[in-house]
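First the structure, in the form of structure tokens, and then the observations on it.
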Amino acid sequence: MDSLSFEGVHYGIVSQMSFIWQQTRVPLVVPMLKILVFLCLAMSIMLFVERVYMGIVIVFLKVFGHKPEKHYKWEPLMDHDIELGNSCFPMVLVQIPMYNEKEVYQLSIGAACGLSWPSDRIIIQVLDDSTDPIIKNMVEVECERWRRKGLNIKYEIRENRNGYKAGALKEGMKHSYVKLCDYVAIFDADFQPESNFLWRTIPFLDQNPQVGLVQARWKFVNADECLMTRMQEMSLDYHFLVEQEVGSLTHAFFGFNGTAGVWRISALNEAGGWKDRTTVEDMDLAVRASLKGWKFVYLSDLKVKSELPSTFKAYRYQQHRWSCGPANLFRKMAMEIIRNKKVTMWKKFYVVYSFFFVRKIIAHVVTFTFYCVILPATVLVPEVEVPKWGAVYIPSIITLLNAVGTPRSFHLIILWILFENVMSMHRTKATLIGLFEAGRVNEWVVTEKLGDALKTKSGGKAAKKPQIRFNGRLHFLELGVGAYLFLCGCYDLAFGKNHFFIYLFLQSIAFFVVGIGYVGIYVPSS
């Protein structure tokens, strides 16, 4: 009797839910889903046009050999009159901000001290915000070691970490000896510039008074460490080979990458200096300097070694900062950019629409909402159809254009798409947090660098294979979205006609793999 009663109740609940679904589907769900599909298709077209535009521009630039040396004056500084001595060379400050960088501090300080430049015309400034007293002592000892070799190196600390990296850089500019300097080169703790870095960059600033920033390209020393770092390399290579190049040669503007660049100190000061109002203090400074009329130069053939995050936790925190910060900065500066009278309307349109709105907001939001939420939902509501050009052709072309920056990884393009869609969930969440200034808007977590730590702990070989450790590594958002995609795939396999289940099953697997922590490398605890 009890069993029959339970079955009756269960049947009644199912019947009631089915009735509610049938009553709301046509008048409410279908129109709402159609509107969402229309909005997603509109955003996809905007992203598509942006990618095609940049693709055409970069091909034009490559075919006709447009390089910064053709747009700006550039002559080797070594050609100056020797009789003048070193006084003819500008004074350069090299800043290295760091925070508990136990694994890489020696590499970064050594690379900065190895820069080729007249020794009496360069100051190395190590800005150490470390909270671990052992690490602080190690960094200070390393600085002292180079000082005994004759390097003009300054070890600077402060009482607190207010403003994080921006606060450290701002505090570093207050020292009296900085007033002697003309330019400041900035390198994060995992960056290792080649010895000729200053000889390549300083002439652009020294010989072109309108140039405020020279940015170099990043080269990743651990791109082959695991599959996740290969995926990151594909995304960042497009940024450095296309986005930065196009911005530099067509608008003399791009977002400063926060490291591997040289600023004219007067441009930095005129723009208002470092501010910690967002987690992208580098982009903030670049936009403000550009609004003052300063031009930027990007050198794609000058590469600086750096390290990619190789653990999923580190990568996720980095992507949160890189997605939340630009959205928040867009909220804060959109009207200021539009009202600015020092730059052209075309440049303002490029910064507001192309640089911010399409690349920093639309690109993140449409990837997750359309391909991981809306498109799967249309499988459950056959009255709503997504045109093949929107579901297949446009994303395929966008993907191919994105992949051109890393031809060696072209065979990984399917895996890259699936992984990027998973990460788009975190980027979308971070973007919305930035736009609406929600709780974690100013969260700053320093990206973990491993340097040679893995090689040391594993006897000379890095642990390239990820290992499953369920304790503390389950990511329930990913698992939830994976389950949703899998159920939609099953429904489409049984009742659908568009064969979306092929994509849905593959994408659900990608979410499940990330959800159980089977991505990135495993870092031994001892």
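The values are calculated or read from the model by the stated rules, or taken from the named source; none is laboratory data. Please read these numbers as outputs of a predicted model, since none were measured by experiment. Neighbour counts run over all protein chains shown; Cβ positions are idealised from the backbone, glycine included. For accessibility, only protein heavy atoms count, side chains too; no ligands or nucleic acids. Shrake-Rupley method; radii C 1.70, N 1.55, O 1.52, S 1.80 Å.
General observations
- Both the radius of gyration and Dmax for region 259-380 are 17.2, 59 Å, in that order, over alpha-carbon atoms.
- Share, in percent, of DSSP beta bridges within the chain that are antiparallel, nearest 5: 25 percent
- Cut-off under 5 Å, modelled amide H: who pairs with residue 218 long-range: 304
- Using the Karplus relation 6.51 cos²θ - 1.76 cosθ + 1.60 with θ = phi - 60°, the per-residue 3J(HN,Hα) values for region 197-211 come to 4, 5, 5, 7, 9, 4, x, 4, 6, 5, 9, 9, x, 8, 8 Hz, with x marking Gly and Pro.
- Label-reachable residues, region 191-220, where backbone N falls under 19 Å from a point 7 Å from residue 88's Cα toward its Cβ: 198-209
- With all protein chains modelled, accessible area of residue 429 [1.4 Å, Å²]: 80 Å²
- A simple spin-label model places the labels of residue 160 and residue 42 4.5 nm from each other, with each point 7 Å out along Cα-to-Cβ.
- Region 127-225: translational diffusion in µm²/s, Stokes-Einstein, Kirkwood Rh over Cα pairs, 37 °C, 0.692 mPa s: 204 µm²/s
- Cut-off under 5 Å, modelled amide H: who pairs with residue 298 long-range: 215
- Rg and Dmax of the chain, both derived from C-alpha coordinates alone, stand at 25.9, 107 Å.
- The heavy atoms of residue 135 present about 10 square angstrom of accessible area, all protein chains included, probe 1.4 Å.
- FRET efficiency, 1/(1 + (r/R0)^6) with R0 25 Å, evaluated for residue 149 and residue 175 via beta carbons: 0.70
- Accessible area (Å², 1.4 Å probe, nearest 10) - residue 39: 90 Å²
- Ranking of 409, 119, 18 by solvent-accessible surface, largest first: 119, 18, 409 (1.4 Å probe, protein heavy atoms only, all chains present).
- Dimensions of region 208-290 based on its C-alpha atoms, expressed as ranges along the principal axes with the largest first, amount to 43, 29, 17 Å.
- By accessible area with a 1.4 Å probe, ligands and nucleic acids excluded, highest first: order of 282, 128: 282, 128
- Using alpha-carbon coordinates, inclination of helix 281-291 to the longest axis of the chain, degrees: 70 degrees
- Spin-label pair residue 49/residue 487, simplified geometry with 7 Å Cα→Cβ offset, distance in nm: 3.8 nm
- FRET efficiency for residue 34 and residue 292, using Cβ-Cβ distance with R0 set to 51 Å, rounded to 0.05: 0.65
- Take the Cα of residue 336, step 7 Å toward its Cβ, do the same at residue 392, and the gap between the two points is 4.7 nm.
- Cα centre as origin, Lys/Arg/Asp/Glu Cβ charges: the chain dipole, Debye: 520 debye
- Each helix, a run of at least 4 DSSP H residues, gives -39500 (n - 2.57); summed and divided by the residues of the chain, these come to -16000 deg cm²/dmol at 222 nm.
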